[in-house]
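S.K.: Structure incoming, see below.
The values are calculated or read from the model by the stated rules, or taken from the named source; none is laboratory data. Everything quoted here is computed from the prediction, not taken from an experiment. All Cβ positions, even for glycine, are placed from backbone atoms using ideal geometry, and neighbour counts span all protein chains on display.
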Amino acid sequence: MQPLSRFADGWINRDVARWLRTSGATAVLAEYGPLGANIAPACSLAHIPLVVIFHGFDAYQQNTLDKHKHLYRNLFATSALIVVVSEPMRQQLIDLGAHPESLVVNSCGVDPILFSQADPASTDPHFLAIGRFVSKKGPMHTIRAFALVHQAVPSSCLTMIGTGPLLEHSQALAAELGLRDVIHFLGACSHQTVQTQLKQARAMVQHSLRCPSGDQEGTPVSLIEAQMAGVPVVSTRHAGIPAVVLDGETGYLVAEGDVDGMAEAMIVLAHDPQLAARMGTAGRIHALRNHTLDRHIASLSATIHRAVAAA
C-alpha cells in the first residue's frame with residue numbers, strides 16, 4: 001500500500017494539471033530547481049512543456065540536493081529545457097544526471113540604463129562590497145584582505161552593503177582588527193544608494209567561495225552591475241565569475257581563500273587610479289556586449305519558444 005502522502009501528492013498533481021490545461025498555458029517557466037521539480041509531475045500529466053531556471057543553491061547545496069534527489073531525477077527526465085546561469089553550473093547538473101542537450105546557459109543580465117559610467121580614476125581608494133552577509137559571499141575574507149590593504153594604503157576605506165547572518169560577525173571582526181572607523185556597514189540600501197556608492201568606488205570586491213554545505217554562487221548579479229557601472233572588480237575564480245570578470249582586463253581574480261592575493265590586487269588598484277579607470281571602461285564594454293537584461297530576456301524567450309515548438 002502506498003503512503004497516504006503519495007496519494008495526496010497524486011491528487012494535487014492531477015488538480016494542478018487540470019488547472020494548467022484549462023488555463024490555456026502553452027508552457028510553464030519555473031524559477032529554481034525545487035519549484036520546477038515539484039511542478040514537473042503536473043506538467044507531465046497536462047502535456048505542457050516545463051522550462052526550469054537554476055540559480056545557485058538549488059544546484060549545489062547538499063541539503064537541497066539530498067531533499068530533492070528523487071524529484072530532480074524526474075525533473076531531468078521530463079522537463080523540456082533547463083536554464084543555468086553559468087557553464088560550471090551546466091556541468092554540475094550533468095553530473096547530477098541532467099541530459100546535456102536539455103541544458104541552456106543563459107547568464108544573468110542587468111539594465112544598462114540604470115548604470116551610468118563611473119570614473120574610478122577620480123575617486124579615493126574606496127572599495128565597495130555589495131551582497132548578503134552569507135558564507136558563499138566570503139565577507140570575512142574580504143575584511144581580512146582589506147585589513148592588509150589599509151596597512152599599505154592608510155587612506156583606503158571599505159563600504160559593505162547588505163544584511164545577513166554574518167553581519168554581526170563581520171562587524172566584530174572589523175572592530176577586532178582596528179578597522180571600525182574605515183569599514184562602513186550600510187545594511188540594506190536602495191538602488192539609488194547603491195548607484196551613488198558605485199560612483200564613489202575605486203573597485204568592487206567580493207570573495208565568493210564554495211561553502212562546507214556545498215552552496216556556491218551561480219553568477220553574482222552585483223558583479224555585473226559593478227562592471228555595467230564602469231567599476232573594476234576584484235573577486236575569485238569561482239562558479240560563473242570568470243565569464244563575468246575577465247582577469248587582468250576588467251578586474252582581478254584570485255583563488256578561493258587567497259586573502260593575500262586579493263589584498264595585493266586591491267593595493268594595485270589603490271595605487272593606480274588610471275588602471276582602475278581602464279579596467280572599468282573595459283568592464284562596461286564587456287557587460288554591454290554580454291550581460292544586458294535585454295539579451296538575457298531574449299535568450300530566455302527563445303528557450304521557451306523552443307520548448308513549445310518541440311512539444
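S.K.: In this structure, does Phe185 turn out to be aromatic (Phe, Trp, Tyr), in a strand (DSSP E or B) and either surrounded by 14 or more Cβ atoms within 10 Å (Cβ to Cβ) or in contact with a helix residue (DSSP H, G or I) (Cβ under 9 Å, 6 or more places away or on another chain) (or both)? Full working, then the answer.
M.R.: Numbers: aromatic (Phe, Trp, Tyr): yes; in a strand (DSSP E or B): yes; either surrounded by 14 or more Cβ atoms within 10 Å (Cβ to Cβ) or in contact with a helix residue (DSSP H, G or I) (Cβ under 9 Å, 6 or more places away or on another chain) (or both): yes.
Criteria met by Phe185.
S.K.: Then there's this: Restricting attention to the stretch 40-63, report how many residues are under 24 Å from the mean Cα position of the chain (by Cα) and either surrounded by fewer than 21 Cβ atoms within 10 Å (Cβ to Cβ) or not in a helix (DSSP H, G or I) (or both). Reasoning before the result, please.
M.R.: In the first step, residues of the stretch 40-63 are kept if they are under 24 Å from the mean Cα position of the chain (by Cα); the result is 50-63.
Then keep just the ones that are either surrounded by fewer than 21 Cβ atoms within 10 Å (Cβ to Cβ) or not in a helix (DSSP H, G or I) (or both); that gives 50-56, 61-63.
Number satisfying all stated conditions: 10.
S.K.: Here are Asp111, Asp119, Asp95: which of them is charged (D, E, K, R) and closer than 28 Å to Met262 by Cα?
M.R.: Numbers: Asp111 fails: closer than 28 Å to Met262 by Cα; Asp95 fails: closer than 28 Å to Met262 by Cα.
Asp119 is the lone residue from the list that is charged (D, E, K, R) and closer than 28 Å to Met262 by Cα.
S.K.: Kindly establish whether Asp260 is surrounded by fewer than 16 Cβ atoms within 10 Å (Cβ to Cβ), over 21 Å from the mean Cα position of the chain (by Cα) and under 27 Å from Cys157 (Cα atoms).
M.R.: Working: surrounded by fewer than 16 Cβ atoms within 10 Å (Cβ to Cβ): yes; over 21 Å from the mean Cα position of the chain (by Cα): yes; under 27 Å from Cys157 (Cα atoms): yes.
For Asp260, the condition - surrounded by fewer than 16 Cβ atoms within 10 Å (Cβ to Cβ), over 21 Å from the mean Cα position of the chain (by Cα) and under 27 Å from Cys157 (Cα atoms) - is met.
S.K.: Also, I was wondering about something else. Does any residue of the stretch 196-203 turn out to be surrounded by fewer than 15 Cβ atoms within 10 Å (Cβ to Cβ) and either of a type in the set (D, E, K, R) or out of contact with any helix residue (DSSP H, G or I) (no Cβ under 8 Å at 6 or more places or on another chain) (or both)? Walk me through it before giving the result.
M.R.: Filtering the stretch 196-203 for residues surrounded by fewer than 15 Cβ atoms within 10 Å (Cβ to Cβ) gives 196.
If we keep only those that are either of a type in the set (D, E, K, R) or out of contact with any helix residue (DSSP H, G or I) (no Cβ under 8 Å at 6 or more places or on another chain) (or both) too, we end up with 196.
So far as the stretch 196-203 goes, yes, one or more of its residues are surrounded by fewer than 15 Cβ atoms within 10 Å (Cβ to Cβ) and either of a type in the set (D, E, K, R) or out of contact with any helix residue (DSSP H, G or I) (no Cβ under 8 Å at 6 or more places or on another chain) (or both).
S.K.: Suppose the filter is among the β-branched types (Val, Ile, Thr), buried (at least 21 other Cβ atoms within 10 Å of the Cβ), within 25 Å of Pro220 (Cβ to Cβ) and at pLDDT 95 or above; does Val28 pass it? Full working, then the answer.
M.R.: Details: among the β-branched types (Val, Ile, Thr): yes; buried (at least 21 other Cβ atoms within 10 Å of the Cβ): yes; within 25 Å of Pro220 (Cβ to Cβ): no; at pLDDT 95 or above: yes.
Spelling it out, it is not the case that Val28 is among the β-branched types (Val, Ile, Thr), buried (at least 21 other Cβ atoms within 10 Å of the Cβ), within 25 Å of Pro220 (Cβ to Cβ) and at pLDDT 95 or above.
S.K.: Going residue by residue through the stretch 119-139, is there one that turns out to be surrounded by fewer than 18 Cβ atoms within 10 Å (Cβ to Cβ), in contact with a helix residue (DSSP H, G or I) (Cβ under 7 Å, 6 or more places away or on another chain), within 22 Å of Glu217 (Cα to Cα) and of a type in the set (Asp, Glu)?
M.R.: No: zero hits.
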